[in-house]
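The values are calculated or read from the model by the stated rules, or taken from the named source; none is laboratory data. Predicted model, so just to flag it, every value in this text is computed and none were measured. Cβ placement follows ideal geometry from the backbone for every residue including glycine, while neighbour counts extend to all protein chains displayed.
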Ligand code: MG
């Protein structure tokens, strides 16, 4: 696929810089370093290999906004191509400095000395994806002892690649049995998401990656704006509320929407509840490398075990449920579902910028159709699992899903 993409780019007059196997955020960094017009990432992200595809990044190193993305897809479908004459074709250069340049930017973000002084022991699961090389490079530069699981970037994933609890049994067991590890990290194959395991081997949940980094940045860099999508845990709002001057901007789901909200507000951090953290000084893409460095800096500053820090964060239970569009009567049925929910909950705080999100005093529910799969997602969060299910059920009934 990379060869086909290169041929396609050459045929329309682009010169191509081949970065080799690198993390998706590294492409964001390199667009900026090379002042490139854009980037193309061949990846299946957190999905198995059969889902490989191409992810576009603009000249700003960010995923294209919805209208631009639609225009790219339309042009692709219509095969509207402006081929150049063979004499006008440029060449391909290879650039192997991506990992190092990316890591350099991340190191500039944190107190390297303070982290090195703690000599952390870290178990890293890179799932044999693209993030292992930069991940290892970062942890070595930060003076960590590394137990590296699945660190060969072969693309043959060692387990089902999404960094969720069910897929990270090996990482949890290795951290637990090691007994001396300070933290376990799991990257997804293209290394834009990071899940965290505490020093006891407990998977703390992807929602905590952004929350921990938000807590740390607000405490050490002063107040600022944070951006997160509407499906992300309310923890970030509670954390921001403890810091006068901090605020949380909520956006439609999709990395491009989060980045678009970050820019005008000069946000210090953006992200998603799936373990995706965007640090604008590094790049405009979710980045597991930045997230690892900031979590280690948090541990260095706090001088306490991760489990103790997590214990102090506001606690919520989040339930994520999906419905197949095929069972609901296709994409055309979605507008009706959303309408019914909006009407039923008109007296509550309703945000209709991406599906419909209902906020009540002790929780929220978000109903929307997926951008990437033929499903409707229903997410509920509340202080207890029971209450989250109750909220989820109420909205499912109002929508006519049950
Ligand atoms: Mg990914």
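From the list 129, 135, 155, 151, which residue is away from the ligand (no atom under 16 Å from the Cβ) and either assigned to a loop (DSSP other than H, G, I, E, B) or touching a residue at least 40 places away in the same chain (Cβ under 8 Å) (or both)?
151
Residue 32 passes all but one of (1) more than 16 Å from the ligand (Cβ to nearest atom); (2) surrounded by 13 or more Cβ atoms within 10 Å (Cβ to Cβ); (3) under 22 Å from residue 353 (Cβ atoms); which number fails?
(3)
Given (1) more than 16 Å from the ligand (Cβ to nearest atom); (2) in a loop (DSSP other than H, G, I, E, B); (3) surrounded by 12 or more Cβ atoms within 10 Å (Cβ to Cβ), where does residue 21 come up short, assuming only one miss?
Of everything listed in (1) more than 16 Å from the ligand (Cβ to nearest atom); (2) in a loop (DSSP other than H, G, I, E, B); (3) surrounded by 12 or more Cβ atoms within 10 Å (Cβ to Cβ), residue 21 misses just condition (1).
I'm trying to understand the selection: among the residues of the stretch 297-312, which are in a helix (DSSP H, G or I) and touching a residue at least 12 places away in the same chain (Cβ under 8 Å)?
Those that are in a helix (DSSP H, G or I) and touching a residue at least 12 places away in the same chain (Cβ under 8 Å): 297, 298, 299, 300, 301, 306, 307, 309, 310.
For residue 225, work out the one condition from (1) more than 16 Å from the ligand (Cβ to nearest atom); (2) over 18 Å from residue 293 (Cβ atoms); (3) buried (at least 18 other Cβ atoms within 10 Å of the Cβ); (4) free of Cβ contacts under 8 Å to residues at least 40 places away in the same chain it doesn't fulfil.
Among (1) more than 16 Å from the ligand (Cβ to nearest atom); (2) over 18 Å from residue 293 (Cβ atoms); (3) buried (at least 18 other Cβ atoms within 10 Å of the Cβ); (4) free of Cβ contacts under 8 Å to residues at least 40 places away in the same chain, the lone unmet condition for residue 225 is (4).
Go through the stretch 158-199 and give me each residue that's part of a helix (DSSP H, G or I) and within 16 Å of the ligand (Cβ to nearest atom).
Answer for the stretch 158-199, where residues must be part of a helix (DSSP H, G or I) and within 16 Å of the ligand (Cβ to nearest atom): just 167.
I'd like to verify a number: residues in the stretch 244-290 that are part of a loop (DSSP other than H, G, I, E, B), within 16 Å of the ligand (Cβ to nearest atom) and farther than 13 Å from residue 62 by Cα, how many?
Adding up the residues that qualify gives 4.
For a quick check of your reading of the model, give me the residue pairs whose first member lies in the stretch 35-51 and is within 11 Å of the ligand (Cβ to nearest atom), whose second is assigned to a helix (DSSP H, G or I) and at pLDDT 95 or above, with beta-carbon atoms closer than 8 Å and at least 6 apart or on different chains.
Close Cβ pairs satisfying both conditions: 41/24; 41/27; 43/24; 45/24.
Could you please let me know if residue 62 is surrounded by 13 or more Cβ atoms within 10 Å (Cβ to Cβ) and in contact with a helix residue (DSSP H, G or I) (Cβ under 6 Å, 6 or more places away or on another chain)?
yes
Would you check if there is a residue in the stretch 291-312 being within 16 Å of the ligand (Cβ to nearest atom), within 17 Å of residue 105 (Cβ to Cβ) and buried (at least 23 other Cβ atoms within 10 Å of the Cβ)? Walk me through it before giving the result.
Filtering the stretch 291-312 down to residues within 16 Å of the ligand (Cβ to nearest atom) leaves 291-292.
Keeping just the survivors that are within 17 Å of residue 105 (Cβ to Cβ) gives 291-292.
Now restrict to residues that are buried (at least 23 other Cβ atoms within 10 Å of the Cβ): 291-292.
Among the residues of the stretch 291-312, at least one is within 16 Å of the ligand (Cβ to nearest atom), within 17 Å of residue 105 (Cβ to Cβ) and buried (at least 23 other Cβ atoms within 10 Å of the Cβ), which makes the answer yes.
Residue by residue, here is whether (1) surrounded by fewer than 22 Cβ atoms within 10 Å (Cβ to Cβ); (2) over 16 Å from the mean Cα position of the chain (by Cα); (3) closer than 22 Å to residue 110 by Cβ holds:
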position	(1), (2), (3)
153	yes, yes, no
177	yes, yes, no
205	yes, no, no
211	no, no, yes
220	yes, yes, yes
229	no, no, no
232	no, no, no
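Going residue by residue through the stretch 313-336, is there one that turns out to be within 16 Å of the ligand (Cβ to nearest atom) and either at pLDDT 95 or above or not in a helix (DSSP H, G or I) (or both)?
No: the stretch 313-336 contains no residue that is within 16 Å of the ligand (Cβ to nearest atom) and either at pLDDT 95 or above or not in a helix (DSSP H, G or I) (or both).
Scanning the stretch 52-72 for residues that are in a loop (DSSP other than H, G, I, E, B) and either under 23 Å from residue 16 (Cβ atoms) or free of Cβ contacts under 8 Å to residues at least 60 places away in the same chain (or both), which turns out farthest from the ligand (Cβ to nearest atom)?
Here the residue is 59.
Residues 80, 75, 105: which one is more than 16 Å from the ligand (Cβ to nearest atom) and in a loop (DSSP other than H, G, I, E, B)?
On inspection, the qualifying residue turns out to be 80.
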